[in-house]
1. If N is the number of residues in the stretch B:73-114, what value comes out of its Cα radius of gyration divided by 2.2 N^0.38 Å?
2. Expressed as cubic angstrom per residue, what is the convex hull volume of the alpha carbon set of the stretch A:9-100?
3. Ordered by packing density, taken as the mean number of other Cβ atoms within 10 Å over each peptide's residues, highest first, how do B:99-106, A:44-51, A:6-13 rank?
4. So how far, in whole Å, is the C-alpha centre of the stretch B:53-117 from the one of the stretch A:37-87?
5. So for B:ILE139, A:ILE55, B:ILE5, fewest C-beta neighbours within 10 Å to most, what's the order?
6. Using alpha-carbon pairs under 8 Å, 6+ residues apart, how would you state the relative contact order of the stretch A:9-100 in percent?
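Read the figures in this text as sums done on the coordinates, not as results from a lab. Predicted model only: the values in this text are computed from it and were never measured. Using ideal geometry, Cβ is built from the backbone for each residue, glycine included, and neighbour counts are taken over all protein chains shown.
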Amino acid sequence: MATTTAPPPTLTSRFRTLADEWRAATRFLASPAAAAEHPAYRAVVALGPDVVPLILAELADAPEPWFAALRELTGADPVLPADRGRPRAAADHWLAWGRARGLA
Amino acid sequence: MLSPILQAAFPDLDADGGAVTHPPDPAYNCVAWAAGVTDALWWPADPDGYWPPGAPDELTVAAFVAALASVGYAPCTDGGYEPGFEKAAVYARGGVPTHVARQLAGGRWSSKLGRDAGRGGGDGLRHGRRVPPAACRVIRVPRNPFHPANGRRQPAGRGGRCLDSPPAG
């Protein structure tokens, strides 16, 4: 579990590179699960839990499908069943979860 | 003028009379757009997708037809324009659905391009004239003037299908 809201600059830089690559490569995909299978997305997950604050910051900017990564990295799933498939609501749940832990 | 990204991804769009009509928005996708929903990602068998209760939760053309039937679509024969009806075309590759487009008044077709949300701009929707290939499964529904594509929002409190959230269930 991530314990800091200030990831090291090298991690931030690596994350931004991967996130930009993922976004560009999957922007026209309709399936969140398919987008989460992209190698750049998997590489973000492989960066480990310290990347969670960076993902939450991305979610605050736009409700992109980072939810699978967050579940994998944290073991949590704060999205209510009724809000599954609704990215804005799901992002709000994750951001509230992150704020409660000092991660967002 | 289409962005370089759109021109690269869809090189025939200019010739097809395509135009961007809405800003990028990652909160809904092509299936949701066909269903008149702009706050959900409609996709089956996906932990981060919404799929209507009762529709098979599987990546098949039949499941897509069933999902869109939940908002009133019914089978029809082709993608030709029929006044008074909206149509949706389910695109598939090797039997696996890849996209859904919907027909606008006058016969033009409208697509939400994935969840397109690129930073620094992007293009959310395209409109073009091209009729979907014959291989597409086409279904139709009586025209709903309150669909977002038709430029009118459903008044608050009005009965019928809510356009801002998935059907209750």
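1. On the way: Rg = 10.9 Å, N = 42, 2.2 N^0.38 = 9.1 Å.
For the stretch B:73-114, the normalised Cα radius of gyration is 1.20.
2. 91 Å³
3. Result, highest mean Cβ count within 10 Å first: B:99-106, A:44-51, A:6-13.
4. Here the answer is 29 Å between Cα centres.
5. Least crowded to most crowded, the residues run B:ILE5, B:ILE139, A:ILE55.
6. On the way: 78 pairs, mean separation 22.2, N = 92.
Dividing the mean separation by the residue count of the stretch A:9-100 yields 24 percent.
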